[in-house]
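Heads up, the thing below is written out as structure tokens.
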Amino acid sequence: MSSMASNSDGRTKILFTGGSGCLSAAIIQKLLSDNPKDLHCVRFDPQIPNDLVSGKYVQGSVTDKGSIIAACNLTGTSVLVHLAGWNQFDFDSGKKNREDFFHLNVKGTFQVLEALPRTKCGKLLYISSTSANDSNSVSGWACLTCENMIRHYASVNDLEVIILRIAPCTPPYDRSNYRDNYLRWCHDFWTEGVHIDDAVDACIKG
């Protein structure tokens, strides 16, 4: 990402939706450790991150187009990394339903795409999921819908986009989603998932 366009002060301004999550924290930590003087990372989320990773925090929701526009303009964002969204485990565990996925994943992505042309941010990295290969899964349905929207908006706006499908990357140190199902954690982490460090490298190279 250090090769992406920078703003007037010479630093690339990157806004992360889903900024309170583990993956955004890991990406920011890696970016700032490698390029501390070249980057300015902003974490955008309704919830304040509970970790100690650097990166300015701006409160807002991807379902609110106005707050996205305000955050981009306030921080001078040149690259938006879109991470906000529920995953398949949220549905399988009964924590979220299809309406929740539509509201956050689909509507949230729509609002991001509607907001960006109203800002100076012309680059979007959308972190999709390998579940997009399975249209029977709720996560796959949501990811495919978002990917199609992104392709459409990229074709009608001056917007550079990368869609990156990543396998589940639950960090080995975070088992909060699996506190009642350790066997499911073992399956997701050791069988279907990728190590979070590999997911971070893929996002940065994207």
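The values are calculated or read from the model by the stated rules, or taken from the named source; none is laboratory data. Worth saying up front: this structure is predicted, and the values here are computed from it rather than measured. Here the Cβ positions follow ideal geometry from the backbone for every residue, glycine too, while neighbour counts run over all protein chains shown. Surface accessibility is based on the protein's heavy atoms, side chains included, excluding ligands, DNA and RNA. Shrake-Rupley method; radii C 1.70, N 1.55, O 1.52, S 1.80 Å.
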**OP:** Being under 19 Å from Ile127 (Cα atoms) and among the β-branched types (Val, Ile, Thr) is the filter; apply it to the range 13-71 and report the residue that is nearest to the chain's Cα centre (by Cα).
**Re:** Thr17
Original post:
What helices (runs of 4 or more DSSP H) completely inside the range 1-101 contain at least 2 residues that are surrounded by fewer than 17 Cβ atoms within 10 Å (Cβ to Cβ) and aliphatic (A, V, I, L, M)?
Top reply: 65-75
**OP:** Restrict the check to the range 123-145 and report whether at least one residue is of a type outside the set (Lys, Arg), at pLDDT 95 or above, open to solvent by 50 Å² or more (accessible area, probe 1.4 Å) and over 13 Å from the mean Cα position of the chain (by Cα).
**Re:** yes
**OP:** Go through the range 47-96 and give me each residue that's among the hydroxyl-bearing types (Ser, Thr, Tyr) and touching a residue at least 60 places away in the same chain (Cβ under 8 Å).
**Re:** Thr75, Thr77, Ser78, Ser93
Original post:
If you go through the range 146-160, how many residues are in contact with a strand residue (DSSP E or B) (Cβ under 6 Å, 6 or more places away or on another chain), open to solvent by less than 50 Å² (accessible area, probe 1.4 Å) and within 19 Å of Ala202 (Cβ to Cβ)?
Top reply: 2
Original post:
For Pro171, all conditions in the list (1) part of a loop (DSSP other than H, G, I, E, B); (2) over 17 Å from the mean Cα position of the chain (by Cα); (3) modelled with pLDDT under 95 hold save one; what is the number of the exception?
Top reply: (2)
